[in-house]
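Let me begin by presenting the structure, written as structure tokens, before commenting on it.
The values are calculated or read from the model by the stated rules, or taken from the named source; none is laboratory data. If you're wondering where the values come from, they're calculated on a predicted model, not measured in any experiment. Here the Cβ positions follow ideal geometry from the backbone for every residue, glycine too, while neighbour counts run over all protein chains shown.
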Amino acid sequence: MTEERKVVPVDLNDLVEIELEEQDDFLKIRETLTRVGVASRKNQTLFQSCHILHKKGKYYIVHFKELFALDGKPTNLTENDIARRNTIANLLAEWGLLSLSDAEKSKSPSVTLNQIKIIPFKDKIEWTLESKYNIGKRKF
């Protein structure tokens, strides 16, 4: 049985807004997020959960299903997806890669770390890193 996909209303106020310390932090966060997500251990594949989005002069950490919703595409965004996004945003803040504009907003819901796989940079060559959404890239 497949999950129902429907158009879910999402606007910028629903997203986790962040602040960067330095301009090149954007690239550091983008690369880090390629190594954080849900893993399929049988074939060493990691599916990226979140992306960094720059919109209207602000930066956000967003779940890939929120990006589909922002595009007006059907999605099956769940509370667990939001919880995973919040946990990942909080991890990035703990690691000093960003500051949360509203730390209270991303506290709940959250997931335990055993629901998120983090691939160390040195091990990424051993994994297939998959993204289900590509920001700024159109497929024809």
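When region 8-38 is limited to residues that are among the aliphatic types (A, V, I, L, M) and crowded, with 17+ Cβ neighbours inside 10 Å, the one that is farthest from the chain's Cα centre (by Cα) turns out to be Val8. Is there a residue being over 18 Å from Tyr133 (Cα atoms) and of a type outside the set (A, V, I, L, M, F, W, C) anywhere in region 66-76? No, there is no match, as no residue in region 66-76 is over 18 Å from Tyr133 (Cα atoms) and of a type outside the set (A, V, I, L, M, F, W, C). Of all the listed residues (Ala93, Ala83, Ala89), the sole one being surrounded by 20 or more Cβ atoms within 10 Å (Cβ to Cβ) and either part of a helix (DSSP H, G or I) or polar (S, T, N, Q) (or both) is Ala89. Name the residues in region 32-61 that are in contact (Cβ under 8 Å) with a residue 40 or more places away in the chain and outside any strand (DSSP E or B), would you? Scanning region 32-61 gives Thr32, Leu33, Thr34, Arg35, Asn43, Gln44, Ser49, Lys56.
If you go through region 96-126 and keep only what is of a type outside the set (Phe, Trp, Tyr), part of a helix (DSSP H, G or I) and either touching a residue at least 60 places away in the same chain (Cβ under 8 Å) or within 26 Å of Asn76 (Cβ to Cβ) (or both), you end up with Lys105, Ser106, Leu113, Asn114, Gln115, Lys124, Glu126.
Exactly one residue among Lys132, Lys107, Lys122, Lys117 is surrounded by fewer than 17 Cβ atoms within 10 Å (Cβ to Cβ), under 12 Å from Arg35 (Cβ atoms) and not hydroxyl-bearing (Ser, Thr, Tyr), and that residue is Lys122.
Within the bounds of region 127-135, is there any residue that is modelled with pLDDT under 90, farther than 15 Å from His51 by Cα and in a loop (DSSP other than H, G, I, E, B)? No.
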